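Structure record follows, encoded as structure tokens.
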Amino acid sequence: MFKYYKTLGGILGAAVGDAMGAPTEMKTTEQIIERFGGYVKNFIAPPEDTFARNNLPGQITDDFSLAFFIMKAIIRHNGEINDEVAKEGIIDWSNHEEYFEPFAGPTTRAAIMEMKGEKLISTEPLVNYNAQATNGSAMKIFPVGLVNPDNVDEAINDAITITLPTHNNHLAISGACAVAAAVSKAMADDANVYNVIQAGLYGAKEGEKLGKEVGITVAGPSVVKRMELAIEIALKSNSMENAMKELADIIGSGIHISESVPAAFGLFLAANGDTMESIYGGVNIGNDTDTVASMAGAIAGTLNGYQSFPDGYLNEINEKNNMDLSYIAKSLLSLVKG
């Protein structure tokens with residue numbers, strides 16, 4: 001039951017962060033406070049100037065929905081994680097227009113078109129692989145940490161497998177491995193904020209190294225070094241408000257992998273691992289809020305378990321999105337390796 005609560009907590013944390021962060025996306029913290037009369041700490045309807053403008057309160061976007069379809073593919077294949085399983089989950093997701101059309105990011109969209117044999121027309125004379133170092137790799141990766149509890153190296157290997165079809169560059173792989181490794185460690189009986197952060201750093205370093213071997217090396221800030229800076233900022237901050245401002249101003253919280261992943265870890269640490277405080281930090285930090293909150297929520301939710309959420313959140317997510325996250329958690333847990 002302990003592992004079940006952790007598994008469900010990680011899944012629910014990712015979903016809650018995504019749904020709660022959708023209305024605040026692309027705004028600054030100051031704009032969020034002005035627009036919504038303070039920090040957003042519940043499910044509200046996304047306004048017209050957001051990607052999720054047609055969503056109801058509590059409905060998810062691409063961040064959690066991509067992970068959801070990857071989890072379903074892993075379950076269908078009895079826990080197998082390989083290139084075909086990864087592509088099957090991603091293509092299955094793309095066939096659901098309610099997620100793909102309004103939310104698919106440029107890197108994921110281009111990769112899916114290639115998987116489907118569709119030609120991507122571009123007038124760009126150079127292939128800018130640097131622009132593909134985005135957080136689409138990391139936002140969907142927490143399930144591989146759940147199915148590799150306290151097996152960080154295997155989680156890293158599986159994260160690379162899931163990441164390569166859409167984000168085959170060393171920076172995107174580094175960020176994905178950081179999240180997968182942290183979630184894997186958060187599943188451990190002895191997990192705490194410190195060793196989860198350390199696992200994330202290890203994952204980022206291994207992901208960067210292995211990513212250069214199996215993927216494309218691109219120009220851009222190191223995820224590892226940005227994570228180290230984010231951790232330093234969080235340790236020095238005296239409040240979540242201060243941490244959010246410093247992380248947003250110095251690290252950033254945008255779509256680039258070296259911004260959003262370090263920001264998520266910084267907020268998790270600033271919240272001392274508390275599930276909802278980690279999510280609130282992501283929701284209100286500004287810019288790519290749903291992604292940052294979803295990643296922070298997956299890590300903190302796994303560490304603390306399902307019981308760390310307010311009553312009714314699981315039912316609301318299930319009902320608003322026509323899902324059964326308890327079934328997904330039980331199914332994943334039954335497939336745990338070793």
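Computed from the coordinates by the stated procedures, all read-outs in this text should not be read as laboratory data. Model, not experiment: these values are computed from the prediction. Counting neighbours? That spans all protein chains shown, and the Cβs are built from the backbone with ideal geometry, glycine included.
Below is a table of values for the structure above.
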quantity	calculated
Cross-link table Lys72/Lys116; Lys140/Lys209; Lys140/Lys185; Lys185/Lys209; Lys72/Lys225; Lys3/Lys236, entries beyond 28 Å C-alpha to C-alpha	Lys72/Lys225; Lys3/Lys236
Highest-fluctuation residue, Leu56, Leu303, Leu164 considered, GNM on the chain with Cα pairs under 10 Å	Leu56
Long-range HN-HN contacts of Thr134 with modeled amide H, under 5 Å	Ile257
Largest-first ellipsoid semi-axes for region 283-338, taking √(5λ) over the Cα gyration tensor eigenvalues, angstrom	22, 16, 12
Over region 203-338, volume per residue of the alpha carbon convex hull, in Å³	144 Å³
Net dipole in debye of the chain [+1 Lys, Arg Cβ; -1 Asp, Glu Cβ; about Cα centre; nearest 20]	360 debye
Cα-centred dipole magnitude for region 173-244, charges only on beta-carbon of K, R (+1) and D, E (-1), debye, nearest 20	220 debye
Stokes-Einstein D for region 1-86, Kirkwood Rh over Cα pairs, 10 °C, 1.306 mPa s (µm²/s)	108 µm²/s
Sparsely packed GluC sites (Glu not before Pro) within region 1-89, loop by DSSP, other Cβ within 10 Å at most 14	Glu48, Glu80
Label point 7 Å beyond Cα of Phe51 along Cβ direction - residues of region 82-97 with amide nitrogen under 14 Å	94
Whole-Hz ³J(HN,Hα) from phi, Karplus 6.51 cos²θ - 1.76 cosθ + 1.60, for region 251-263, glycine and proline x	8, x, 9, x, 6, 5, 4, 7, 9, 5, 5, x, 4
³J(HN,Hα) computed for each position of region 284-290 - Karplus, 6.51 cos²θ - 1.76 cosθ + 1.60, integer Hz, glycine/proline x	10, 6, x, 6, 7, 5, 5
Region 94-102 - phi-based ³J(HN,Hα) in whole Hz, Karplus 6.51/-1.76/1.60, Gly and Pro as x	5, 7, 9, 4, 5, 9, 5, 4, x
Charge dipole (debye, nearest 20) of region 222-321; +1 at Cβ of Lys and Arg, -1 at Cβ of Asp and Glu	240 debye
Near-label residues of region 308-338 by backbone N, under 20 Å of a point 7 Å along Cα→Cβ of Glu80	331-338
